[in-house]
1. I need a count of the residues in the stretch 62-83 that are open to solvent by less than 40 Å² (accessible area, probe 1.4 Å) and over 19 Å from the mean Cα position of the chain (by Cα).
2. Restricted to the stretch 92-107, and to residues that are under 18 Å from Ile159 (Cα atoms) and not aliphatic (A, V, I, L, M), which residue is most open to solvent (accessible area, probe 1.4 Å)?
3. Restricted to the stretch 147-168, and to residues that are polar (S, T, N, Q) and in contact with a Gly (Cβ under 8 Å, 6 or more places away or on another chain), which residue is most open to solvent (accessible area, probe 1.4 Å)?
4. So which of Val121, Val171, Val144 ends up being farther than 14 Å from Glu75 by Cα, open to solvent by 40 Å² or more (accessible area, probe 1.4 Å) and either without any contact (Cβ under 8 Å) to a residue 12 or more places away in the chain or β-branched (Val, Ile, Thr) (or both)?
5. Scan the stretch 89-100 for residues that are without any contact (Cβ under 8 Å) to a residue 24 or more places away in the chain, touching a strand residue (DSSP E or B) at 6+ places or on another chain (Cβ under 6 Å) and either under 15 Å from Arg147 (Cβ atoms) or of a type in the set (Val, Ile, Thr) (or both) and jot them down.
Amino acid sequence: IFLGLVQSEAIGLELLRAGADDFLIIPTDAQWREIPLAINRALTKRERKRAQEQSVSEALHYAISLASILDSVHEGIFCFDEAGIIRVFNKHAEQIFGLDADDIIGKHFLKLLPDQVAKEVWSSLIVYKSGGLPDFIGHRHEYVGQRHNGDCFPLLLSISEAHIGSQKHFVASVEDIS
């Protein structure tokens, strides 16, 4: 086996023609300086990708864990944004209102209340958001709820404020008291 260390590929090809089995090009000083940078870029890129994959995996695990926790609570819980659009709806809320989460998520939470009660709750929420009715949030209030089939029933409703990033959301806990 004959191995040659050369400065260029052209010289290496001449060695191969002369009978060398292989050759290795010796990097120039400038190329030697680039090697650590290239390795660092490759590692950084790979580490970034691994960190992103891990973040997605951790976020998914967290979401599944949170959903499991919410579903284990013996109260109906749903979360809605400032516009009133439901974003989360747990299993017990499904049972109370006779609705599948997939059928109500993305819809306004007032669909869960008869019209007159819906107006009252929405008005109270608007007044709260403008600085009034501080005792509306975080306290239980008795209202009438409406199941998917139209039946009305008495319920206890408590709404709390939650900040998710820069957005304000509301978490409602409901209990059927019939």
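1. Matching residues across the stretch 62-83 total 1.
2. Of everything passing the filter in the stretch 92-107, Lys107 is most open to solvent (accessible area, probe 1.4 Å).
3. Of everything passing the filter in the stretch 147-168, Asn149 is most open to solvent (accessible area, probe 1.4 Å).
4. Val144
5. Residues satisfying the conditions are Phe89, His92.
The values are calculated or read from the model by the stated rules, or taken from the named source; none is laboratory data. Just so you know, these numbers come straight off a predicted model, no measurement behind them. Virtual Cβ from ideal backbone geometry, glycine too; neighbours counted across all protein chains shown. For accessibility, only protein heavy atoms count, side chains too; no ligands or nucleic acids. Shrake-Rupley method; radii C 1.70, N 1.55, O 1.52, S 1.80 Å.
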